Every structure is written in C-alpha cells, then in structure tokens.
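The values are calculated or read from the model by the stated rules, or taken from the named source; none is laboratory data. The structure displayed is predicted, hence computed values, not measured ones. In this analysis, Cβ positions are derived from the backbone assuming ideal geometry, glycine residues included, and neighbour counts consider all displayed protein chains.
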Amino acid sequence: MKREERRQAIMDQLVAARAVDLDDLALRFAVSRMTIHRDLDDLEQAGLLRKVRGGATIEAGTQFESDFRIRELQDGEAKARMARAALDLVEPGMTVMVNDGSMAALLGARLTDRAPLTVITNNAAVIDRLKDAPRVTLIALGGIYSAKFNGFFGMVTEDALAGLRADLAFISTPAVAGLQAFHMDDDAVRAKRAMMQAAEKSVLLVNHARFGRSALHMLADLTEFDAIITDAPPAPEDRAAIDRAGIALTIAPEPKEPLT
C-alpha cells in the first residue's frame, strides 16, 4: 500500500472509530511503528488528528478540533434532528445568522424550507449551498479563509457583522463545561460573539457528547442564549446543573418518519 493510501485508510478508521492504536495500525499495514509515527505526525501537522499516548484521535481537545472535512462525515443523524428542531424557530421573512461548523452547514442548507429569508453567514458550506437558492437573500461574510473550519474569520468578518442586525443567530460549539460554552480557536470565538451581539436572539447548537468538555477559550455563559438545542440528553450531572440554573434545554425529538 502506498503512503497516501495508508494515510487515507488511517483517516477512514478514525472517522469510524474516532481513535486508533499505533500498534494496531503497524500490524494492519505491515509497517514499522516509526512509519506509523511519521504518518500520524504528518496528519497531525495537517490538522486532521491529534496524537495521544499510543495512538491518535479526532476527538476535540482544549486546543484541537478535527478538520471540517472529518466532522462533516460524523453524527449525520444527530445533526439532522438538531437542524429540524432549529428550523422550528425560523419564520419566513426573518434575517438569520449561521456560524461556521458542520452542524451549522447542514442547518444552513435546510433554511430554504423557510424562505423567503435573509441569511448572513461566514460558513463556506452554507454560502455554497445557498448561493443559487430561490427567495434567499444571501449575505456572505468575507475575511480570512480557514480550511480547518471551512469559514471566514478575522477583522473583516467582525467589522461586517458590526454593521448588520438579525432576528436569530445560530451558534455551534464543540465544548460545554458547567454552565459555559467553550471553543479552541480565538478567531472563531470572536466571530461567534459578534453574531450573538448582532442578533435579537441567539440559539446554541451542541451535540450531547460535547457536554462535560472544555476548550481553551470561553465563548459564552449558557444564560446568554435564548435556546439551547442538543440531540440527546447529556450526562445526568451536566443536565442537573443546567436544570438547577433554570436554563431551557431542547432535546431534538426522534422523527416520526425517516430523515432525508
């Protein structure tokens, strides 16, 4: 097997299992541990994984989030249910902001179901999917493009948001610890905060597995959001803390018919 094929196979296994073991990989591909070390080093340098003792993972860490291309392939059913619950908050005629992220990308693509709308976004996937959508006025935020997050960030993005206003902002986060949301990237935090400040209401979208995790930068207190949507109940201790604080948490319901 060629090097690039082996590395693609490693990433395929990570998408399926979220973590890989160095020794198992060396045995599977009949190469040395050092060869696998080099593979993992190069994939980590590309931002596709993070090395851990004895292997690698694509699970988020305090300073790591997997590449958009990886996250786009994960948790499709959960994202679809959260998107459906989020759409219930959108009414025709609204102006809606959508931030970066694979969850937000799926939601953004479905906003055509609520047209006519004005959609403001720094999410390149949403821009691509809505650029030809009928009855959608698309405001694409410029800035510095990040391949890792498949979005636009920086002063250009933030300055544009300062001059705009919206009815709703959909904000996603990779980590919730206690009663606070976190993110590992400061540029992403600033863009998300700018959207929250420019919107009448803000909605947090977070996978239930992201509760009980932290990241380098605090994004916001959960009380700053008008609604929080997740796909399944978080761990009992996390749910108890949210309930004690009187914060409403919406668990996206199972569909009555298969999601499309």
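Go through the range 81-125 and give me each residue that's surrounded by fewer than 19 Cβ atoms within 10 Å (Cβ to Cβ), among the small types (Gly, Ala, Ser) and part of a helix (DSSP H, G or I). Walk me through it before giving the result.
So in the range 81-125, the residues surrounded by fewer than 19 Cβ atoms within 10 Å (Cβ to Cβ) come out as 84, 87-89, 91-94, 109-110, 112-113, 115-116, 118.
Then drop every residue that is not among the small types (Gly, Ala, Ser), which leaves 93, 109, 115.
Residue satisfying the conditions is Ala109 alone.
Is there any pair with a first residue in the range 1-27 that is within 12 Å of Ala56 (Cα to Cα) and a second that is of a type in the set (S, T, N, Q) and assigned to a helix (DSSP H, G or I) whose Cβ atoms are under 7 Å apart and which are 6 or more apart or on different chains, and what are they?
From the range 1-27, the pairs are Val20/Gln13.
Can you name every residue in the range 123-166 that is among the acidic types (Asp, Glu), under 21 Å from the mean Cα position of the chain (by Cα) and closer than 14 Å to Ala191 by Cβ?
To start, the set of residues in the range 123-166 that are among the acidic types (Asp, Glu) comprises 128, 132, 158-159.
Then drop every residue that is not under 21 Å from the mean Cα position of the chain (by Cα), which leaves 128, 158.
Answer for the range 123-166, where residues must be among the acidic types (Asp, Glu), under 21 Å from the mean Cα position of the chain (by Cα) and closer than 14 Å to Ala191 by Cβ: just Glu158.
Can you name every residue in the range 217-237 that is farther than 27 Å from Asp167 by Cβ and surrounded by fewer than 20 Cβ atoms within 10 Å (Cβ to Cβ)? Walk me through how you get there before you give the answer.
At the first step, the residues of the range 217-237 found to be farther than 27 Å from Asp167 by Cβ are 232-237.
Scanning the range 217-237 gives Ala232, Pro233, Ala235, Pro236, Glu237.
Regarding Phe29, is this residue at pLDDT below 75 and outside the structural domain of Asp167 (by the TED database)? Give the derivation first.
Details: at pLDDT below 75: no; outside the structural domain of Asp167 (by the TED database): yes.
No; evaluated as a whole, the condition is false for this residue.
One line per residue, one yes/no per condition, for (1) free of Cβ contacts under 8 Å to residues at least 40 places away in the same chain; (2) of a type in the set (D, E, K, R):
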{"position": "Asn123", "(1), (2)": "yes, no"}
{"position": "Asp128", "(1), (2)": "yes, yes"}
{"position": "Pro134", "(1), (2)": "yes, no"}
{"position": "Gly151", "(1), (2)": "no, no"}
{"position": "Ala191", "(1), (2)": "no, no"}
{"position": "Met196", "(1), (2)": "yes, no"}
{"position": "Ala220", "(1), (2)": "no, no"}
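Got a number for residues in the range 24-42 being among the hydrophobic types (A, V, I, L, M, F, W, C) and buried (at least 16 other Cβ atoms within 10 Å of the Cβ)?
Taking the range 24-42 as the starting set, the residues that turn out to be among the hydrophobic types (A, V, I, L, M, F, W, C) are 25-27, 29-31, 34, 36, 40.
Among the residues that remain, those that are also buried (at least 16 other Cβ atoms within 10 Å of the Cβ) are: 25-26, 29, 31, 36, 40.
So the answer is 6.
Looking only at the range 169-216, which residues are touching a Lys or Arg at 6+ places or on another chain (Cβ under 7 Å) and either surrounded by fewer than 22 Cβ atoms within 10 Å (Cβ to Cβ) or not assigned by the TED database to the domain that holds Ala85 (or both)?
Result: Ala177, Ala198.
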